[in-house]
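Report on the structure given below.
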Amino acid sequence: MFSVKRSIVGISKQSGFSKSFISSQISIRSKSSSSSSSTSGNDKYVKKKKAGMDISKVPLPYIGVMSDFYVPPKLTTCPITSWPKLITRRIMLFALNTYNIVKFKREIGVPLEFNAWKDKGIENYVRANKVFAQACSEPQLKAKASLLRRKLDHSCGKHLIESLSARSLSFPEDSKLNWELKSIQNNPKVVLFNIIPDADGIACFIQFILKLKTSQKISIVKNQEVVKEQENSVEDYLVYSMNPISKELLLVGKLFESDHLRGLKPEMDVFDQKLMQRFLKTSSDIYRTDPKQTK
């Protein structure tokens, strides 16, 4: 277990988003009708659909990254002319994240345990990397996915495990991968705290983003000889889904710092189901490169 100090929690614009996203999953649009009996029938159908698609009934491992949440960029990486707006967004983010914390206390009624959540989050991150290295070193292709599912079942979300499985298949069969956490460089910080409501608008799940900067060492061994060894400083914005009642906490993906142009509101169309499925798959890949760096 890694001990971490308590840090100031960041802010989130996403409290409003969560409701709109969840409502898109639990409600349907009924066509207007001049007939009162038809309207009544549609209302009953909507209520039935809501009751049957309550996200609180969805297993936590299936709840991936909910949207392209706003992650405050470093001021030093942005034009000076954008600093006033970026500072304003941080203030708004702080206020909205505070609102989510108040909502959590009022509706869930369990203690806030940020230190314990951060410790568990780091533990799951380390476990994911170590098990991935084991899967890459596994000589039998069919055994890779099985090993990942078995060892990460209670640490990572379904989409993330699938992403790790796909990556492990591309690793050279005659090589082995070793991964080691050398140190945690900065105090881990929760930069987003987002409430996921049920069909009645009551908080049931939590999704938060943890900023984690670490020093990591990887080595590739072939024919019992180290062919590559590298130690890097890595900064990640890791996304976690959590059931605060059962205290189940899963690593579900990773996001990157937002650019200086976008606002706090998610830019993705959350009502586009095909787009959402692609986003769930993409965001679950914790080894992908920041798309802004490839442009």
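Just so you know, all these numbers are worked out from the coordinates, no wet-lab data involved. Keep in mind that what you see is a predicted model, and the values were worked out from it rather than measured. Counting neighbours? That spans all protein chains shown, and the Cβs are built from the backbone with ideal geometry, glycine included.
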For Lys151, go through the aspartates and glutamates and keep the ones whose alpha-carbon is under 17 Å away, minus same-chain ones fewer than eight residues off.
Glu123, Glu138, Glu162, Glu248
So, with points 7 Å from each Cα along the Cβ direction, the Met268-Leu169 label distance in nm works out to 2.2
Quick shape check on the stretch 120-250: root eigenvalues a ≥ b ≥ c of the Cα gyration tensor, a/c under 1.5 is rounded, otherwise prolate if a/b tops b/c, else oblate, and it reads oblate
Dipole moment magnitude, nearest 20 debye, the stretch 158-224 about Cα centre, only Lys, Arg, Asp, Glu C-beta charged
460
Relative exposure of Trp117, Trp83, judged by other C-beta atoms within 10 Å (fewest first)
Trp83, Trp117
Given axes a ≥ b ≥ c from the Cα gyration tensor, I'd like to know whether the stretch 82-139 is rounded (a/c under 1.5), prolate (a/b larger than b/c) or oblate.
oblate
By the gyration tensor of its Cα atoms, with a ≥ b ≥ c the square roots of the eigenvalues, what is the shape of the stretch 130-203: rounded for a/c under 1.5, prolate for a/b over b/c, or oblate?
oblate
Fewest-first ordering of His154, His260, His159 by Cβ atoms within 10 Å yields His154, His260, His159
Ranked from highest to lowest mean number of other Cβ atoms within 10 Å per residue, what is the order of the peptides 203-213, 126-136?
203-213, 126-136
Kindly flag which residue pairs out of Lys176/Lys292; Lys118/Lys144; Lys85/Lys265; Lys217/Lys281 have an alpha-carbon separation exceeding 22 Å in this structure.
Lys176/Lys292; Lys118/Lys144; Lys217/Lys281
